[in-house]
Amino acid sequence: MSDERTAAEPDAEALRAAVSNQPRPPRANALSASLTFGWRALLKIKHVPEQLFDVTVFPIMFLLLFTYLFGGALAGSTSAYLQELLPGILAMTVVFITIYTGVTLNDDIDEGVFDRFRTLPVWQPSVVVGALLGDAVRYTIASTMVIALGLLLGFRPEGGAVGVIAAVALLLVFSFSLSWIWTALGFVMRSPESLMGVSMLLLFPLTFVSNVFVDPETMPGWLEAFVAVNPVSHLVTAMRGLMHGTATVGEVGIVLLMSAALVAVFGPVTMYLFRTHQ
């Protein structure tokens, strides 16, 4: 009996050999954890390249469609209309694709992956912040596609490369801030489809009832008043000013102020939903 018990006992030397004698790696800090989750968001594109359709095909389709559909009627020529339309189309396209941050999060929750993330010994908000950073890369791809096509079609920004880069940077800041809304909804909605429906219901009036396509002065008074306070209208005005070298500090400042307000309001709400989610 003694010999059988001894044979069944694990070999101490074998156990020590199986356990690493290297020092335990340090705990990931907030930045490295966020970048890791951001990289995870980008790796999804590698395995599902169809996710790039919304940042490649849709921007090209929107720019071509509206330029040649409305250009002659509204500005007399497609070239003249393109100078005002491109910043608006760029803003509209990127604002639309911000909803996929919440959709992706909701999908992770539905599949149970999110519960695994909550057990990791990392800075917990990095799960959300990393996803937002990964989507910022997608916004940059969409912006590059629109601007490159616009230059081929005849877009000539008077503000030069500096103005274009500044406009894109402002758009990325606003889009990153806006994504917090859809992230918060990602914890509340029961399915990605329901989140998509609610997001579209909010974004359609904000993007189309704005100054993206036409001058608000041609609208009825009550509609012009709505356009004047529409956040997307302020964003488009600032981007046009930066691209054409006419932007004022006030135009840019109000977009930055709105972005800060979105993060200040929906950031804590998202973190609360993150901690209390069942």
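The values are calculated or read from the model by the stated rules, or taken from the named source; none is laboratory data. Treat the numbers as computed from the prediction; the structure is a model and nothing was measured. Cβ coordinates were reconstructed from backbone atoms using ideal geometry, including for glycine residues, and neighbour counts include every protein chain displayed. Surface accessibility is based on the protein's heavy atoms, side chains included, excluding ligands, DNA and RNA. Shrake-Rupley method; radii C 1.70, N 1.55, O 1.52, S 1.80 Å.
Assorted remarks:
- Per residue, region 142-278 exposes 48 Å² of accessible surface when a 1.4 Å probe is rolled over the protein heavy atoms with every protein chain present.
- Label-to-label distance for residue 144 and residue 261 is 3.4 nm, based on points extended 7 Å past Cα in the beta-carbon direction.
- Cα gyration tensor, region 53-179 - rounded (a/c under 1.5), prolate or oblate: prolate
- Heavy-atom surface analysis with a 1.4 Å probe gives the chain a carbon and sulfur content of 69 percent of its accessible area.
- Working from label points 7 Å from Cα in the Cα-to-Cβ sense, the residue 36 to residue 276 distance is 2.9 nm.
- Within the listed set 128, 164, 113, the Gaussian network model of the chain (springs between alpha-carbon atoms below 10 Å) gives the highest mean-square fluctuation for 113.
- Net charge contributed by nearby residues that have their C-beta within less than 15 Å of residue 96 (K/R +1, D/E -1): -1
- Nearest-20 debye value, the chain charge dipole, Cβ charges on Lys, Arg, Asp, Glu: 420 debye
- Sequence of 196, 61 from largest to smallest accessible area, 1.4 Å probe: 61, 196
- Each of 206, 75, 128 was scored by the projection of its Cα onto the charge dipole of the chain, and the greatest displacement toward the positive side belongs to 128; charges sit on the C-beta of Lys, Arg, Asp and Glu.
- Helix runs (DSSP H) in the chain reaching 24 Å along axis by Cα, Kyte-Doolittle at least 0.0: 30-47, 53-75, 78-97, 126-153, 160-188, 249-276
- Cα gyration tensor shape for region 195-278, rounded if a/c is under 1.5, else prolate or oblate: oblate
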